[in-house]
């Protein structure tokens, strides 16, 4: 009997231990799950935008659309590509015309694009016309517009449409994105909404600024989290009845009202939806109350705008403190730009007497890839710090000699001056020299070189830098001719003198910019 009792006690004790262990394990598991849930919730709150950065009220979205489109209908600029989009019934021509405008408007101001666009559409009104053109003709038409690869991609795209798509422009945003070279997410969305009526947002530089200010998004606007949040906002806001007009209205708002600096908030049609605008005024009223020594209470005229509840972990909130001097320019914050790299290029204007009496200029063609691809320029050589100026002049002279198949002396190169031209990522200085050749031995020996008359040079596919070099030469030439005329007048007023004016040597010609025309005359006389 005793043994039976003890056996039952041991069994109960062991059972109790097992139950206790199960309870402990269950509690531990629950705590682990709880911690995991908290971590997941934290991650979710950090990665997904809070309602502060979105439009969660459908009524607000409807009101914003109405206010913005009413303003656009009254205030929009009459632009040639908008006219085509509104009046052209042929879907293929309409899509092509909007495509051309969107490519031209990349990184280029509207005022600059208008003339280029009108000339382009007059010459190549359909995608078939553009496909039939040569790349040289396209580069010539594009000359001076900058970012020259854009024209080349338009040409390639037109040829692809004709040869692979049976002359039909893509009819969807996805088709535009996948089938046209040089068309990215924004460009495809813009063409799709404006020309094809597809309901999609389109986020360009102007929309980034407008949306960031509307919803107080202050994080790096190039970050993936901000990019996706902005596209989500754009797709939420776009008017399904007028998607093209809505996207253009947002762009117009950013270009004319919600500008990078000096935003005209008092003229903004969607001011009531703007977190940035209200935040500025709340801050201003609080600061004024502090200066006047009044208690800090809620402003009576402006409702306070709550900040993001996830500030500190939110991927859309600014990481830098609010700056009162910036105002609405606190949004968006952009990363500091890298300074452009500095380059110096030695270039030479090579001239020979033309068959019809005028001068002709030697130009060489740049490679088909890279900076200024396929354009024509004066013979040039990138200057390197490790080499002396004389060595590099010798190298440029050797290159010109190779092109012409004859030997030129370095002493023939005469210094003209310097030209500065700023690319988006390069601060370029052209160190300009010139040389005038005799009638013989001036035929080019390479395929990527040609002689052009002055009038042909003006119409050729050359960069703005080349045009600046020509302008410098003209200016120097004009100054020297004027100086020469003034000198003759002074001589006529005085008694004749037997002493001759000493010629400038090549050594001191760099400090006194020698006239091209006077130098050319000297060379001809000596020859």
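The values are calculated or read from the model by the stated rules, or taken from the named source; none is laboratory data. All values derive from a computational prediction rather than experimental measurement. As a convention, Cβ positions derive from the backbone with ideal geometry for all residues, glycine included, and neighbour counts pool all protein chains shown.
Just a few scattered comments:
- Filtered by the rule that a residue be in a loop (DSSP other than H, G, I, E, B) and surrounded by 18 or more Cβ atoms within 10 Å (Cβ to Cβ), region 367-378 gives 372, 374, 375, 378.
Okay, residues lined up against (1) touching a helix residue (DSSP H, G or I) at 6+ places or on another chain (Cβ under 9 Å); (2) under 30 Å from residue 458 (Cβ atoms):
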site: 133; (1), (2): yes, yes
site: 139; (1), (2): yes, yes
site: 147; (1), (2): no, yes
site: 157; (1), (2): yes, yes
site: 167; (1), (2): yes, no
site: 174; (1), (2): yes, no
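- Whichever residue in region 130-149 is surrounded by 15 or more Cβ atoms within 10 Å (Cβ to Cβ) and either assigned by TED's automatic domain parsing to the domain that holds residue 465 or over 23 Å from the mean Cα position of the chain (by Cα) (or both) and, among such residues, is nearest to residue 452 (Cα to Cα): 137
- Consider region 86-124 and keep the residues that are farther than 20 Å from residue 206 by Cβ and assigned to a loop (DSSP other than H, G, I, E, B). The one that is nearest to the chain's Cα centre (by Cα) is 124.
- Filter result for residue 198 (in a loop (DSSP other than H, G, I, E, B), in the same structural domain as residue 244 (by TED's automatic domain parsing) and at pLDDT 95 or above): yes
- Only listed residue being in contact with a helix residue (DSSP H, G or I) (Cβ under 6 Å, 6 or more places away or on another chain), under 26 Å from residue 411 (Cβ atoms) and buried (at least 19 other Cβ atoms within 10 Å of the Cβ), chosen from 466, 435: 435
- Within region 221-241, being surrounded by fewer than 17 Cβ atoms within 10 Å (Cβ to Cβ), outside any helix (DSSP H, G or I) and under 19 Å from the mean Cα position of the chain (by Cα) holds for 222, 223.
- Residues that are closer than 24 Å to residue 232 by Cβ and crowded, with 18+ Cβ neighbours inside 10 Å, drawn from region 310-329: 310, 314, 315, 316, 317, 318, 328, 329
- Condition met for residue 377 (at pLDDT below 85 and more than 22 Å from the chain's Cα centre (by Cα)): no
- Conditions (1) farther than 25 Å from residue 187 by Cβ; (2) at pLDDT below 95: number failed by residue 107: (1)
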